[in-house]
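Chemist: Okay, handing you the structure first.
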Amino acid sequence: MHRRPGRGAFSLEPHARLYRTGDLARYLDNGEIAYLGRVDEQINILGYRIEPAEIERVLNRHSAIESSVVVARGIFGEERRLVAYLVMSNGPVPTPLELRRLVTSELAQYMAPSIFVRLDKLPTMPNGKVDRLALPEPDVDNTLRDERFIAPRTAIEKRLAMILSSVLNLNEVSVNDNFFVLGGHSLLGTQLLARVRSTFGIDLTLRALFESPTIAELSREIENLIIARVESMSEEEALLLLA
């Protein structure tokens with residue numbers, strides 16, 4: 001008769017010492033293992049293991065925040081971003097920039113949420129705990145912004161907004177939203193530039209993205225490159241392009 005495995009790091013099963021990582025998984029019919037999440041609330045983003053409770057403790061010290069919960073949104077792995085859901089108390093509503101500065105004043109840069117969502121109350125389960133699965137997706141109405149939302153205006157901005165929304169797994173993107181502030185990084189930037197190339201036939205560098213990280217700025221870069229390419233064409237080439 002074997003003893004029940006303890007709560008420590010290793011199992012007490014004979015012949016196999018298993019490290020307790022805290023990850024939940026199950027075997028699929030084909031023998032592969034599907035990742036289901038964590039036993040605790042720990043998050044893994046870009047190789048960093050993050051305890052949401054640490055971020056929540058910092059946010060909850062802000063005078064305008066009554067309570068908060070931090071989760072990861074998006075596909076498991078590189079594309080996930082930290083999203084903070086906030087219930088406000090009385091007083092002026094803080095900006096995302098102010099809240100990121102608050103978090104990074106005490107914690108590492110990678111622990112700053114990319115998106116802040118304002119809720120009237122946090123959804124709870126019958127036992128009183130926060131129901132993280134019931135938290136709404138960030139959208140144009142519930143997301144805090146440093147500036148007011150401006151919808152895409154030109155054809156290029158509209159195409160870029162669709163690309164950014166897809167790459168960042170967001171519903172809406174304002175033309176003045178910063179790609180990197182929304183959770184973008186060099187790997188996602190490479191995906192974005194590949195989509196820009198296939199859509200507009202324009203090659204942009206990562207440096208251009210760093211220097212022009214908003215839809216408004218990037219669309220001007222693309223427009224200028226398209227104009228320069230057309231001006232360098234012969235009349236026949238231009239007619240073929242417009243055909």
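Chemist: Within the range 194-205, identify whether any single residue is assigned by TED's automatic domain parsing to the domain that holds N176, under 21 Å from the mean Cα position of the chain (by Cα), free of Cβ contacts under 8 Å to residues at least 24 places away in the same chain and surrounded by fewer than 17 Cβ atoms within 10 Å (Cβ to Cβ), and answer yes or no. First the steps, then the outcome.
Modeler: The first filter runs over the range 194-205 and keeps only residues assigned by TED's automatic domain parsing to the domain that holds N176, leaving 194-205.
Adding the requirement that they be under 21 Å from the mean Cα position of the chain (by Cα) leaves 194-196.
Checking the rest, the ones that are also free of Cβ contacts under 8 Å to residues at least 24 places away in the same chain come to 194.
Now restrict to residues that are surrounded by fewer than 17 Cβ atoms within 10 Å (Cβ to Cβ): 194.
Yes, there is a match, as at least one residue in the range 194-205 is assigned by TED's automatic domain parsing to the domain that holds N176, under 21 Å from the mean Cα position of the chain (by Cα), free of Cβ contacts under 8 Å to residues at least 24 places away in the same chain and surrounded by fewer than 17 Cβ atoms within 10 Å (Cβ to Cβ).
Chemist: Still on this structure: Test of understanding: among V140, V93, V83, which residue is buried (at least 20 other Cβ atoms within 10 Å of the Cβ), touching a residue at least 12 places away in the same chain (Cβ under 8 Å) and either in the same structural domain as N44 (by TED's automatic domain parsing) or in a helix (DSSP H, G or I) (or both)?
Modeler: Numbers: V140 fails: buried (at least 20 other Cβ atoms within 10 Å of the Cβ); V93 fails: buried (at least 20 other Cβ atoms within 10 Å of the Cβ).
Exactly one of V140, V93, V83 is buried (at least 20 other Cβ atoms within 10 Å of the Cβ), touching a residue at least 12 places away in the same chain (Cβ under 8 Å) and either in the same structural domain as N44 (by TED's automatic domain parsing) or in a helix (DSSP H, G or I) (or both), namely V83.
Chemist: Out of (1) touching a strand residue (DSSP E or B) at 6+ places or on another chain (Cβ under 9 Å); (2) modelled with pLDDT of 60 or more, what's the single condition that is false for N30?
Modeler: Unmet condition: (1).
Chemist: Here is a follow-up. Among (1) closer than 17 Å to I50 by Cβ; (2) in contact with a Leu (Cβ under 6 Å, 6 or more places away or on another chain); (3) at pLDDT 85 or above, there is one condition V103 misses while meeting the rest; what is its number?
Modeler: (2)
The values are calculated or read from the model by the stated rules, or taken from the named source; none is laboratory data. Treat the numbers as computed from the prediction; the structure is a model and nothing was measured. Glycine also receives a Cβ, built like all others from the backbone with ideal geometry; neighbour counts cover every protein chain displayed.
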